[in-house]
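Undergrad: Mind having a look at this structure? Questions to follow.
The values are calculated or read from the model by the stated rules, or taken from the named source; none is laboratory data. Because the structure is predicted, anything quoted here is derived from the model rather than measured. Here the Cβ positions follow ideal geometry from the backbone for every residue, glycine too, while neighbour counts run over all protein chains shown. With ligands, DNA and RNA removed, areas are computed over all heavy atoms of the protein, side chains included. Shrake-Rupley method; radii C 1.70, N 1.55, O 1.52, S 1.80 Å.
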Amino acid sequence: MKQLQTVGALIRLGRPHFLVGGVLLNLLGVAMSIYMGHPINFAALIWGQIVITATQLMTHYCNDYFDLEADQLNQTPTNWSGGSRVLPEGKINPKAALNVAVGLAVIAFVGNVILSIFVRPSLFTFGMLLSVQALAWFYSAPPVRLHSRGMGELTTTLVVTLMTPLTAYYLQVGRLAWLPILAVIPLCCYQFAMLLSIEFPDAEGDRRVGKGTLVVRLGAPLAARLYATLLLLGLGILPLLLLAGLPTLVAVAVAAVSPLLGGQLWRIWRGDWHNPLTWNHLGFYSIVLLVATSAAELLAFILLIGDSKLL
């Protein structure tokens, strides 16, 4: 019974519900490559997903281990912030989290080697994937601890919403292109904003241990304004993206999710960012906005692929 509880705690520590985003963004990159006329490379799709998921899980276990002190001091955790709560609750030995993180880092590295030698042979492939994995590890790991230097939000945005679909596209095609960059700009805005939304509940604990997130550095009122600005930018930049070559249907798909965006702006305007009773909903709908927009873009590209085949 105790062993089952330990396994359950380890699974909970990995926060598997967040893995959906990695799958969506990988498929988005693959869909864009097919839309651009390239045949699907299933080896790149599968091994790419293995590396993405292993890196994502590595980050979850790594973060909970290195952020344990801040999480212990956090008196206002939500379902989306404050870590998994497994380590502060004493469910398992913290060293177990670090060991799992290291094991997942090895899996991600091996996947990188396989992709770089057999699937998309190139030193560029190896260097690109290794750079992403290093940024993910040092997001919270010493001595760099990017999240404590006011760089965690930008780092996560680059790793997750920029590099994941861009890497998926590159592994399929063998070169980079403007299309995936254009497509993920709104997603990057929403990802950055989402990170701010889940930092509001953690701010006091983070401040006490010197974890300098942007909410800590800027203060909650200014961070709330930045949150709203990022949401408006993600939607308002669509005309420029259309001029730059983003397919109209993709822009329409992003705009179709705007009611969710409007709801978040309303929550910020009424002050949910400083009300502990509303922090959980603010974080949840920030995540929903990002996931829904990613799914909408993926669906748009799938429909475009179907139309091109009919023609």
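Undergrad: Based only on the alpha carbon positions, what is the Kirkwood hydrodynamic radius of the stretch 81-164, in angstrom? Write down the numbers at each step before the final one.
TA: Numbers: mean 1/r = 0.0693 Å⁻¹.
This gives a value of 14.4 Å.
Undergrad: Going by the alpha-carbon gyration tensor, a ≥ b ≥ c the square roots of its eigenvalues, is the stretch 26-160 rounded (a/c under 1.5) or, if a/c is not under 1.5, prolate (a/b greater than b/c) versus oblate? Walk me through the intermediate numbers first.
TA: On the way: a/c = 2.21, a/b = 2.01, b/c = 1.10.
Cα axes put the stretch 26-160 in the prolate bin.
Undergrad: Compute, for TYR285, the solvent-accessible surface of its heavy atoms (probe 1.4 Å) with the complete set of protein chains present, and express it in square angstrom to the nearest 10.
TA: TYR285 has an accessible surface of roughly 70 Å² with all protein chains in place.
Undergrad: Find how much the distance from TRP178 to LYS2 grows on full extension, using 0.36 nm per residue of separation minus their present alpha carbon separation; answer in nm with one decimal. Before the final figure, lay out the partial values.
TA: Details: separation 176, 0.36 × 176 = 63.36 nm, distance 5.18 nm.
Working it through step by step, the gained length comes to 58.2 nm.
Undergrad: Sticking with this one: Determine the relative contact order of the stretch 1-149: mean sequence separation of Cα pairs under 8 Å and six or more apart, normalised by residue count, in whole percent. Each step should come with its number before you reach the end.
TA: Numbers: 145 pairs, mean separation 40.7, N = 149.
Value for the stretch 1-149: 27 percent.
Undergrad: Does the stretch 82-233 classify as rounded, prolate or oblate by the C-alpha gyration tensor (a ≥ b ≥ c root eigenvalues; a/c under 1.5 gives rounded; else a/b over b/c gives prolate, otherwise oblate)?
TA: Oblate, because a/c is 1.5 or more while a/b does not exceed b/c.
Undergrad: Another question about this same structure. Which whole-Hz couplings ³J(HN,Hα) result when phi for each residue of the stretch 52-68 is put into the Karplus expression 6.51 cos²θ - 1.76 cosθ + 1.60, θ = phi - 60°, listed in order with x for Gly and Pro?
TA: Couplings: 4, 5, 4, 5, 5, 5, 3, 5, 4, 5, 4, 4, 5, 5, 7, 9, 4 Hz.
Undergrad: Also, quick follow-up: Would you mind estimating how fast the chain diffuses translationally, via Stokes-Einstein at 10 °C and 1.306 mPa s with the Kirkwood radius over Cα pairs, in µm²/s? If you can, show how the numbers build up before the last one.
TA: Values: Rh = 20.0 Å.
Calculated translational D: 79 µm²/s.
Undergrad: May I pose another question? Using mean Cβ contacts within 10 Å as the protection proxy, how do 260-273, 205-218 order, highest first? Walk me through the numbers on the way to the answer.
TA: Working: 260-273: 16.7, 205-218: 18.9.
Averaged packing, sorted descending, gives the order 205-218, 260-273.
Undergrad: Work out from phi, with θ = phi - 60° and the Karplus expression 6.51 cos²θ - 1.76 cosθ + 1.60, the ³J(HN,Hα) of each residue of the stretch 93-107, listed in order in whole Hz, and give x for Gly and Pro.
TA: Residue by residue, the stretch 93-107 yields 5, x, 4, 5, 5, 5, 4, 5, 4, 5, x, 5, 4, 5, 4 Hz.
Undergrad: Amide H to amide H, which residues 5 or more places from ARG149 or on other chains are under 5 Å from it, using H placed in the peptide plane?
TA: Counting only residues 5 or more places away or on other chains, the set is GLY212.
Undergrad: Same structure again: Using Cα springs under 10 Å in a Gaussian network model of the chain, which residue among SER286, SER197, SER258 shows the largest mean-square fluctuation?
TA: SER258
Undergrad: What does the accessible area of ILE11 come to, in Å² to the nearest 10, when a probe of 1.4 Å is used?
TA: Counting only protein heavy atoms, the figure is 100 Å².
Undergrad: Same structure again: Tell me the relative contact order for the chain as a rounded percent, counting alpha carbon contacts under 8 Å between residues six or more apart.
TA: 23 percent
Undergrad: Over the heavy atoms of VAL159, what accessible area does a 1.4 Å probe trace out, to the nearest 10 Å²?
TA: Estimated to the nearest 10 Å², VAL159 gives 20 Å².
Undergrad: For the full complex of protein chains and a 1.4 angstrom probe, list VAL7, VAL113 by accessible area with the highest value first.
TA: Values: VAL7 75, VAL113 50 Å².
Listed by decreasing accessible area, they come as VAL7, VAL113.
Undergrad: Per the helix-only calculation at 222 nm, which mean residue ellipticity applies to the chain, given -39500 (n - 2.57) for every DSSP H run of n ≥ 4 and division by its residues, nearest 500 deg cm²/dmol?
TA: Working: 16 runs with 221 residues, N = 311.
Computed ellipticity for the chain at 222 nm equals -23000 deg cm²/dmol.
Undergrad: Right, here's the next one. Leaving ligands, DNA and RNA out of it, rank TRP80, TRP279 by accessible area with a 1.4 Å probe, largest first.
TA: Per-residue accessible area, sorted high to low, gives TRP80, TRP279.
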